[in-house]
Structure formats: C-alpha cells, structure tokens
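Here is the structure we will look at.
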Amino acid sequence: MTDPVTLVSDYDTLVSSTVLLDLAILTLLVICAFAMITIRRLFGVAMLSGIYSLLTALFFVLMDAVDVAFTEAAVGAGVSTILVLSGMALASRRENPVSRQRALMPLIIVGLVGIALLYATIDMPHFGDPESPANAYVGRQYIERMPSEIDVPNLVTGVLASYRGYDTLGEVVVVFTAGLACLVLLGAGSIRGGRRVVDPSPDALSPPSQAPLAVPDVSDTRKEEVRS
Amino acid sequence: MSMGHMLLRVTIKLLFAPIILFGLYVQFHGDYGPGGGFQAGVIFMVAFALHALGFGIEETKRVIPPKILPAGMALGVLIYAGTGVYTMLLGENFLDYDIIQPDSHHHAGQHIGILVVEFGVGLAVAATMLQIFYVFASREAEPQDDVW
C-alpha cells in the first residue's frame, strides 16, 4: 500500500500502466455511440445505452471513483434501461428516418459544442492534481477533519450524509418529486387507474351522444375496485 | 407468456434473493465501503423490476401493491427530515448527529445518524423507482415477445 504522497508523485508512471485500458474503453465508448446513432431499432439503442453506461462505470473505476461507478452501473445501466424499455412499450419501436437537410443543423451544433468542450479541457487541472480547485480548499478540509469529526471509513458517505447532509436531503426530495410527478401525470391515482383504457378521440367526445359512453366505463372500473 | 420463459424465470428466482441480500449489504455497509442509500434503493428496485419482467407486472403487484409505494416514498423523506428535526429538538443544528450520542468517544451519534438517514434515502429511492416503473409499465397491456 503506497501512501497518497507517493501516489501523486508517481503520477506519470501510474498513467502509463493503465493507458492501454483507458484507450480501449474510450474506443469502445465511441464505437457504442456511433452504433447508437446508426441503429434505427430502439430496442437495440436501449441495450447499447446500457452497455455505454457500463463502460462509463468501468472508466470511473479506473479513475478510483468507486462510488460514482457504482451509481452509474446501478442507475445508468440498470434502472434507466428498464425505464426506457417500458417507455418504449408505450411508443414506437422504430426511429423514423430523418432527412439529410434536417440532420445538418444538429450536426453543426454538436460539432460546435464538441469543439468548445475540447477547448475547455486545455484549462482543466491534471487528473489527481492535489492543487486543483476541487481538491485544494474544502476537499482537503474534509480529508483532514473526517477522522476526528465523523470517523466513518468511507469518505464519500461521510461527506454525503453528514457534512453535506442538507444537500442530500434536497436530492431525496428531488427523487420524491420525480416519483410524484410520474404518479400524477401517468395516473395511478386518476380514473384510468393504471388500467388499459382506449382514449376516445377529442372530436368523438364533443357530441353529447358520445359522452355517456365514457361514463359507464368509469363506473365499471370503480365497481371492480370496490369488489377487489 | 409461454413456457419459453422457463429458463429466464428460473434464473430470476435464483437471482432474486442474492440481489436483495446485496442491496441490504450496500445499504448498511455504506459507511465502510462504496455504496449507500441511493445505490441500495436502486438495487432493491431492480430485483422487483426483474421479477416483473419475468413473471408479469400483475404478479409483482401482488407482492408489492402499488398503493403502498407513495407511502414508502413519503416515509423515506420523512425519516431523513425527521432525523434533522430530532437533532434540532435535542438542541443542536439541523442534521447535527453528534447530539444523538453526545458522550460517545468514537462518534456513535454520527454513525447512528448516517445509518438512519441512509435508510430513509434507500426507502425513498426504492419506492420512487418502483412507482415510476409501475406507472410506465402498467399503462398498456404487456407487449408480445416479437414486437421488439
């Protein structure tokens, strides 16, 4: 076990030992992204996005961000894929082809944003630099004071739940709100009750002769619920 | 669903308990290793989503009724915020866990506080994710195998 100081000074040798792995994962990420663009079957795209997330998680592990990698693997590869699939079951399974003219503008925007991001990386601190803004100020305080103040072996948990407990409460409320919004919009509490109901088209609803059709449908559903 | 899913269903049945166990490990071992409430909640949800994918969502709804999920979501947030209110009632700042065990020499208050708070996070995340999955997956009849 090397202590952190030697780790930082041996930075160059460390990078060269995993640089092949880094390059391999990055190449796979790019291949994955291009495959997602070209495939028109959305099922394949959903699977590829799961693979993309797993590769990203691997990359996070290489950067020693195990907690982030864990979250990426669980949320990105697991839950997102499931949610995308169940959303896809409600919509089309195939992407409509786009004309070349309409594809041009997004391509230019993506290219410009990509160049801007590349330009921004010039200013970024080196990976693992102890003097980078993220590590230098409050981060160093956390590392120094954690053993005497909180005494939790996992630094990330200590920061997340104790030093930044109020922020995490906000995150939980955000998750809660997202669930609530889905509940309200997609209607487990509405008349539809999560059941399959064929929506009458808007013009079919407007004449009064059509309106009573919907009403017994609703009361039937309610009766069923009472019985069960 | 036909008998063609036999292999999948057996695999899911075999995997279900270990996934839940792993979720518990991630939940309560978050102080010592990677993980915590967010990840554990998602892992719990994935176990039940897997069950729904293999056995149909109606079967999963018999295991976890959709009605209890909003209660779970709210309870998770309340446990978290309640811990903060509890420390305030004891006379400290919001979410200042040290007051839970003020005489401890190894910061037992912090450990207890973090454990309780993470449990709230796990409960809220698991219930929310399952709720989102339920409302998405149960709007239409289950798709046939060949539509994908």
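Rule-based calculations on the coordinates, nothing more; no lab input. For clarity, every value in this text was computed on a predicted model and none was experimentally measured. Neighbour counts run over all protein chains shown; Cβ positions are idealised from the backbone, glycine included.
Applied to the range A:18-25, the Karplus parametrisation 6.51 cos²θ - 1.76 cosθ + 1.60 on θ = phi - 60° returns per-residue 3J(HN,Hα) values of 10, 5, 5, 4, 4, 4, 4, 5 Hz, with x for Gly and Pro. Shielding of peptide B:69-78 by partners, expressed as the average count of other chain Cβ atoms within 10 Å per residue Cβ, is 3. The base-10 log of I(q)/I(0) for the range B:4-43, evaluated at q = 0.18, 0.25, 0.27, 0.35 Å⁻¹, reads -0.53, -0.72, -0.78, -1.03 [Debye formula, identical scatterers on Cα atoms, solvent excluded].
Each of A:D167 and A:A65 was given a label point 7 Å from its Cα along the Cα-to-Cβ line. The distance between the two points is 1.3 nm.
Per residue of peptide A:66-75, the mean number of Cβ atoms on other chains within 10 Å of the residue Cβ is 5.
Computed from Cα positions, the angle between helix B:6-28 and the longest principal axis of chain B comes to roughly 10 degrees.
Across q = 0.23 Å⁻¹, the range A:38-118 modelled as identical point scatterers on its alpha-carbon atoms has Debye log10 I(q)/I(0) values of -1.01, in the order of the q list.
Distance from the Cα centroid of the range B:24-49 to that of the range B:67-96 is 19 Å (rounded to whole angstrom).
For the range A:123-136, the Karplus equation 6.51 cos²θ - 1.76 cosθ + 1.60, evaluated at θ = phi - 60°, returns couplings of 7, 6, x, 4, 5, x, 5, x, 9, 5, x, 5, 9, 7 Hz by residue, with Gly and Pro reported as x.
Averaged over peptide B:118-131, the number of partner chain Cβ atoms lying within 10 Å of each residue's Cβ comes to 4. Once the gyration tensor of the Cα atoms in the range B:3-147 is diagonalised, the equivalent ellipsoid follows with semi-axes of 37, 17, 9 Å, ordered largest first.
Between B:I112, B:I79, B:I19, the Gaussian network model of chain B with springs among Cα atoms under 10 angstrom shows the greatest mean-square fluctuation at B:I112.
Computed packing ranks the peptides B:121-131, B:87-97 as B:121-131, B:87-97, most packed first, by mean other Cβ atoms within 10 Å.
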